[in-house]
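Comments concern the structure below.
The values are calculated or read from the model by the stated rules, or taken from the named source; none is laboratory data. Keep in mind the model is a prediction, meaning the values are calculated, not measured. Using ideal geometry, Cβ is built from the backbone for each residue, glycine included, and neighbour counts are taken over all protein chains shown.
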Amino acid sequence: MAHCPIHCILPPYLLERLARADDARVRALAIDALARAAEFRATRHVYAALPGLGAMPSPTGRRYRLVYDARHGGYDALPGTLVRKEGGRRSQDTAVNEAYTHSGHTYDFYKRTFGRNSLDDRGMALVSSVHVGRRFNNAFWNGQQMAYGDGDGRLFTRFTRSLDVVGHELSHGVITHTSNLEYRGESGALNEHFADVMGVLVRQWRKKQEAKEADWTVGADIMGHETTARSLRTFTAEPAFENDPWLGTDPQPKHLRDKYRGSEDYGGVHINSGIPNHAFYLVATTLAGRAWERAGLIWYKTLLALTSTSRFASMVAMTDQVAAAEFGYGSLEHKAVQNAWKRTGF
């Protein structure tokens, strides 16, 4: 079973495309990113099988952040040198402060919105390492901590810049400690979907944005000046990018009829997540207001109820059930969920 290889914000299909680029520097950095992901997988698989093993308890039982500097080392350098901890003074290093602040916002979002005490609901410490690798184009959750590359400065900027990226990656920890969705096929697409949903909700919650004013993108803040892509992914109907000279065209479908059925990307975990992502967007914008209050609540309670092998059909049935239980059968919320799944092919 593939409960979860390393969770990286950049999907393998983008890195594989960049690994074939004509530009030797871009090609080398992409190959390096792919190699690092392979290096991290074994450890991540152990933590997914035994999620409690990777949970460092908070000494206070509450929000507790530790930020380390990997000093451009690889996986064996993690976590690195401790440079900031909970309550400590700001660093002169922007990446350190971003990792600290954004992980705090993610903790606060889960605590204040859903009453969840950190990723494991037991006060797990939030550990981050910055400056991983040299010009490393990725950020990842390895089952125990976050790690952030600085980006190459051309296609991608430092990965700590984006609150939704941090929220996405830390949410993989929440998923591991709840449904622990296997990272392959439809269950893997749901794993990526929940991480995307919670990542954008953390950002919207922090900005106090209502659903209809939010941009519904993932990773907009990490895109570099040499790409025309406005983000890595979008929940809306249009692709996040088209005919980009480096990244090509966004492959995510938004309807079940267009589902990717190949074996790449662990059976399309980053690709097919576009279908439930769009369904969530339809629910949230139909209900309007603050997406985390109703649509987000339905999705969070669904996450708690699913199992490791849940597929799209289980997701559809459970969101229907939760919406009816929370807001009433035939309620606006219940109908919004039903209509969203119908519009995406279910």
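Miscellaneous remarks
- Qualifying position, being farther than 19 Å from Ala99 by Cα, crowded, with 24+ Cβ neighbours inside 10 Å and not β-branched (Val, Ile, Thr), among Glu213, Glu182, Glu192: Glu192
- The listed residue being closer than 14 Å to His193 by Cα and part of a helix (DSSP H, G or I), out of Thr319, Thr286: Thr319
- Members of the range 239-291 that are more than 28 Å from His225 (Cα to Cα) and among the basic types (Lys, Arg): Arg257, Lys259, Arg261, Arg290
- Test set (1) touching a Gly at 6+ places or on another chain (Cβ under 9 Å); (2) assigned to a loop (DSSP other than H, G, I, E, B); (3) not small (Gly, Ala, Ser) - Tyr266 fails condition number: (2)
- Within the span defined as the range 255-269, every residue fails to be closer than 21 Å to Phe346 by Cβ and in contact with a strand residue (DSSP E or B) (Cβ under 9 Å, 6 or more places away or on another chain).
- Residue match in the range 289-303 (condition: in a loop (DSSP other than H, G, I, E, B), more than 18 Å from Asp164 (Cβ to Cβ) and touching a strand residue (DSSP E or B) at 6+ places or on another chain (Cβ under 9 Å)): no
- Residue count, the range 232-245 (criterion: crowded, with 20+ Cβ neighbours inside 10 Å and part of a loop (DSSP other than H, G, I, E, B)): 4
For (1) hydrophobic (A, V, I, L, M, F, W, C); (2) closer than 21 Å to Ala125 by Cα, each residue gets a yes or a no:
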residue: Phe159; (1), (2): yes, yes
residue: Val166; (1), (2): yes, yes
residue: Thr178; (1), (2): no, yes
residue: Leu190; (1), (2): yes, no
residue: His193; (1), (2): no, no
residue: Gln204; (1), (2): no, no
residue: Lys208; (1), (2): no, no
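- Residue within the range 302-321 that is among the charged types (D, E, K, R) and under 19 Å from the mean Cα position of the chain (by Cα) present: yes
- Candidates Phe156, Phe140, Phe109 - the one that is buried (at least 20 other Cβ atoms within 10 Å of the Cβ), within 18 Å of Leu14 (Cβ to Cβ) and at pLDDT 95 or above: Phe156
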